[in-house]
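The values are calculated or read from the model by the stated rules, or taken from the named source; none is laboratory data. Quick caveat: nothing in here was measured; it's all calculated off a predicted structure. Cβ atoms come from the backbone with ideal geometry, glycine included; neighbour counts cover every protein chain shown.
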Amino acid sequence: MDEDSFREKLLSAHVKTVHTCPEEAGPGPYTPLNISVLFPGEKVTFNLYLKVAQKEYRGFDFFPFLKKGEAWERRWRERLIDKGIDRLYFHKDNLEQTIAYLNNYLQILKHQSKKISPALLSVFSEHLNFSVRRALQLPRLGPAMKEAKTQVENLIGWVQQDPGAIKLMWKILYHDYSLYNHSLNLCLMGVAFLLHLKYSATECRDLGVAALFHDIGMIRIPQEIILKAGPLTSEEKAEIRTHPEKGHQMLRKKAGEVLSSIPQEVLRLALEHHENADGSGYPKGLPLSRQHPWTPIVRLLDSYDSLTVHRPYREAFRPYDSLKILIPSCHLMSNMVDCPKNFQGGSHGKSYQVHRPPFQGGDSG
Ligand SMILES: [Fe+2]
Ligand SMILES: [Fe+2]
């Protein structure tokens, strides 16, 4: 069977393809790639696979859909979307090639037009997602931190040029749980929030980078615990609660080597993002007065993002329901969003003076 016939067979109604499944968050060998970031008419530089359900053992397999060197065609995108599929998969060994491919496409889109298009934001967000993945492979953390700064600066530039870019990007991002998706969501929300509060571009950038790396300690937590479908035991909960300190240690070790490339906020927020305003958080139970001014912001956005994604042990809450859960225990968001003039932190030279009742937060990663 030639390649075209094989693809036709995969796209036929008889073959049950899989859009997504909870295992995707795990450390399997295949990584999803949004088909909207494939460059029509251009050859791919790595193999792409389709996830297909297997009746016999109620699992799934990955079938080659596009081989390295073949050109991606627009018509396949339409056929896949018709089948409810928005992503293909590449092997994790091809992460570098995927990042280079996306970077190449991103540069072309930037040169084609000064306007911010959905294609540009899709390619940018997927490129950033995979850059964070690579960054969390620790030997590359230093250079990756510098790269992340540049990428977040790009994002800030686009949002300053067109505030609608945030909404557009929010639609594009994956909203199923993985450490990378969560980090990217938090970065986007954090940057948008600080821009709304009229922080400087440098502060927005540092918060964006801190958001990308806030949960870096989670890579030291066993996957069986992170992906467990049932309730966690007290030992497992205790293990999860070690991730802020583990992340802080990992970053501090790297900061010793590449000090200038890691902003202090990244270190502080990795350590403090589970601290509550009333001192009931962890790891240190810090009162608000001893927290970094951005800690309550990251705490709030972290909880919001965790509530609005599907987790192995519960369905996702709708955004409105998530806010209902968060707002009674935290008036921080309503104070900041409705009355930004009350907020006098950041680059405006005054101390942080928002009235903040104790924040308990929801569940969060
Ligand atoms: Fe988190
Ligand atoms: Fe966390």
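Before moving on, here are some points about what is shown:
- Remark: pairs (first residue in segment 183-210, not assigned by TED's automatic domain parsing to the domain that holds Val266; second residue outside any helix (DSSP H, G or I) and among the charged types (D, E, K, R); Cβ separation under 6 Å; 6+ apart in sequence or on different chains) are absent.
Residue-by-condition table, conditions (1) within 16 Å of Leu33 (Cβ to Cβ); (2) among the charged types (D, E, K, R); (3) loosely packed, with under 15 Cβ neighbours inside 10 Å:
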position	(1), (2), (3)
Phe46	yes, no, no
Leu66	yes, no, no
Arg74	no, yes, yes
Arg77	yes, yes, no
Gln97	yes, no, no
Lys110	no, yes, yes
Lys115	no, yes, yes
Phe124	yes, no, no
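- From His274, His310, His248, His292, residue being in contact with a helix residue (DSSP H, G or I) (Cβ under 7 Å, 6 or more places away or on another chain), under 18 Å from Tyr177 (Cβ atoms) and not hydroxyl-bearing (Ser, Thr, Tyr): His274
- Residue selected from segment 280-318 under the condition charged (D, E, K, R), within 19 Å of Glu245 (Cβ to Cβ) and surrounded by fewer than 17 Cβ atoms within 10 Å (Cβ to Cβ), by the criterion farthest from the chain's Cα centre (by Cα): Arg290
- For segment 203-235, a tally of residues being away from ligand 1 (no atom under 16 Å from the Cβ) and within 18 Å of Thr295 (Cα to Cα) returns 4.
- Of the helices (runs of 4 or more DSSP H) lying entirely inside segment 113-230, those containing at least 1 residues that are within 16 Å of ligand 2 (Cβ to nearest atom), under 15 Å from the mean Cα position of the chain (by Cα) and of a type outside the set (Phe, Trp, Tyr) are 118-135, 179-196, 201-213.
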